[in-house]
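The next block holds one structure in the form of structure tokens; read it before the comments.
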Amino acid sequence: MSAKKTKDTPKIKQSKIGFDDIVGHKHIKERLKGIIKIIKNPKMLERFDTPIPKGLLLYGPVSVGKSMLAKAFAKEAGVPYLEISGSKLFELEYIKEIYDIASKNAPCIVILEDIDIKGIMQGAITNVSFSDIAKILESTDERVFTFATAESLDEIDPILTSPQKLDFLLEVLELDKDARRFFIEKILEKPHDPKIDVERIVRYITGMSALELERIGRMAALSVVEQDKEHITEEILIEQINIIKYGHKVEKQMVETLEKELKMTAYHEAAHAVLSVLLLPHIKIEQVTISPRSKMLGFVSYNEEDPLSNISKIDLFHDICVLLSGRLAKVKKMGDDQMDSGAQNDLSQASLQAYAAITTLGMDKELGYINLNAINTLDNYFLEQQIEKRFLHWMHVAKQNAEKLVETHWDKIETLALKLIEQEIVESTELAEIVGDEKITCEIPDSL
């Protein structure tokens, strides 16, 4: 037993990679640098009477570089690290031993890799003992910082993300454009057709993992040899991408359709962002992206520190206009016959807000100060025709208003859309430069 323990005794490591060695993930690396600044200078927190943070959880899809970011974090912080992964995450005594060694070598970082892993104990599938790990984090030396990784936040017990455990929660997205280009350029170090459209390939591999991109390179080279060709062609690359993505050959027309969808998404999100800046300037936007996330083709990321807790009638109306602007921009660019289902969630939210304004918030000019929540339990048909008429009017007026704004500010929307197509993500500072400091006065229409 003692011989086994000696064999398994963990070793303190020094990371050889830093943030500069990791391509992409600019936003995450900036956040991690900020966290390093805090843990290296804890006196910064004294005037806020706030204890030193003890850990963070970095979560996101597989093969996007979470482990590399954890090791780079250790190097950038200038401290050694120990790591626990796989079956060792289920061995409480081993975990305690790791933290004991880390405390004796503090400051130190402990990396808990893939803590949402499942194991089989006594014939049943089980999670890592989150509550036991939480107790260890709570009692360990404050100079020991825990860097945990996971695929999904939903699988993590909240006890582990409560204060003085894993204080920071950071989501790492799928590989961004810079990272994907890096993998393609590595593939193109092999003999290849110089006519390959690199930017097109980079767009087409959106959402693919590092392992999948490495496989594309290997299989493309094998395909060249198998087909007795001289070098990797664009056709071979796309065929290997399609095999991984779809499991079968995808015709050229589908590739063109995917590129068209990317372009339409760019105009959709650009309209949301521009109108939001103009109509709701008090709500800060962190970034605009057309990189798929959370089952959405694209999204506008708002600063969650500024929630709308008590919305005014004018802000509610403006928000409806912002929600409708995405589809209107795509229709303006592509034509009414190219209307698609991409605005489904926007239309749902806009309809819900208009209905709420009329039936529960007492904001409609004709129906007045009413709230029908209690009445609807007694009579579902009360004011049914009047509500329907006013609801359709609200939506019609909002559409007209949004159409006018999209037309007036089309140059800004198009500039932002083209920038999104080029680089996928536009940060808040660049968005501000595109929109400028123009202030607009847009009052709520008299008929509402």
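The values are calculated or read from the model by the stated rules, or taken from the named source; none is laboratory data. Computed from a predicted structure; not experimentally measured. Here the Cβ is made from the backbone with ideal geometry for all residues, glycine too, and neighbour counts use every protein chain on show. Calculation scope for accessible area: heavy atoms of the full protein, side chains included, ligands and nucleic acids excluded. Shrake-Rupley method; radii C 1.70, N 1.55, O 1.52, S 1.80 Å.
Data table
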item	result
Lone qualifier among ILE39, ILE98, ILE109, ILE115 - being touching a strand residue (DSSP E or B) at 6+ places or on another chain (Cβ under 6 Å), assigned to a strand (DSSP E or B) and closer than 18 Å to PHE145 by Cα	ILE109
Residue in region 203-210 that is surrounded by 19 or more Cβ atoms within 10 Å (Cβ to Cβ) and of a type in the set (D, E, K, R) present	yes
Residues of region 422-448 that turn out to be surrounded by fewer than 18 Cβ atoms within 10 Å (Cβ to Cβ) and either within 22 Å of LYS333 (Cα to Cα) or not aliphatic (A, V, I, L, M) (or both), as a count	17
Search result, residues across region 347-372 that are in a helix (DSSP H, G or I) and either hydrophobic (A, V, I, L, M, F, W, C) or open to solvent by 20 Å² or more (accessible area, probe 1.4 Å) (or both)	LEU347, SER348, GLN349, ALA350, SER351, LEU352, GLN353, ALA354, TYR355, ALA356, ALA357, ILE358
Qualifying residue in region 300-322 (condition: over 19 Å from HIS282 (Cβ atoms) and at pLDDT 85 or above)	no
Residue satisfying condition, being at pLDDT below 90 and either over 19 Å from the mean Cα position of the chain (by Cα) or buried (at least 17 other Cβ atoms within 10 Å of the Cβ) (or both), within set PRO163, PRO194	PRO163
Out of SER67, SER87, sole residue that is farther than 15 Å from LEU170 by Cβ and of a type in the set (Ser, Thr, Tyr)	SER87
Neighbours by Cβ (under 6 Å, 6+ apart or cross-chain): first from region 307-330, aromatic (Phe, Trp, Tyr); second open to solvent by less than 60 Å² (accessible area, probe 1.4 Å) and modelled with pLDDT under 95	PHE317/ILE444
Flag for LYS177 being open to solvent by 50 Å² or more (accessible area, probe 1.4 Å) and modelled with pLDDT under 85	no
Residue in region 44-60 that is within 20 Å of GLN164 (Cα to Cα), open to solvent by 30 Å² or more (accessible area, probe 1.4 Å) and touching a Leu at 6+ places or on another chain (Cβ under 6 Å) present	yes
Scan of region 142-155 for residues that are in contact with a Leu (Cβ under 9 Å, 6 or more places away or on another chain) and either surrounded by fewer than 21 Cβ atoms within 10 Å (Cβ to Cβ) or farther than 21 Å from LEU82 by Cβ (or both), ordered by number	LEU153
Test: residue in region 73-93 that is in a strand (DSSP E or B) and either at pLDDT below 90 or under 24 Å from the mean Cα position of the chain (by Cα) (or both)	no
Filter pass, GLY342 being open to solvent by less than 80 Å² (accessible area, probe 1.4 Å) and either of a type in the set (Asp, Glu) or touching a residue at least 40 places away in the same chain (Cβ under 8 Å) (or both)	yes
Pairs where the first residue, in region 41-56, is within 26 Å of VAL172 (Cα to Cα) and the second is open to solvent by 70 Å² or more (accessible area, probe 1.4 Å), C-beta under 6 Å, 6+ apart	ILE52/GLU142
Test: residue in region 225-241 that is at pLDDT 85 or above, open to solvent by 70 Å² or more (accessible area, probe 1.4 Å), farther than 27 Å from MET68 by Cβ and of a type in the set (A, V, I, L, M)	yes
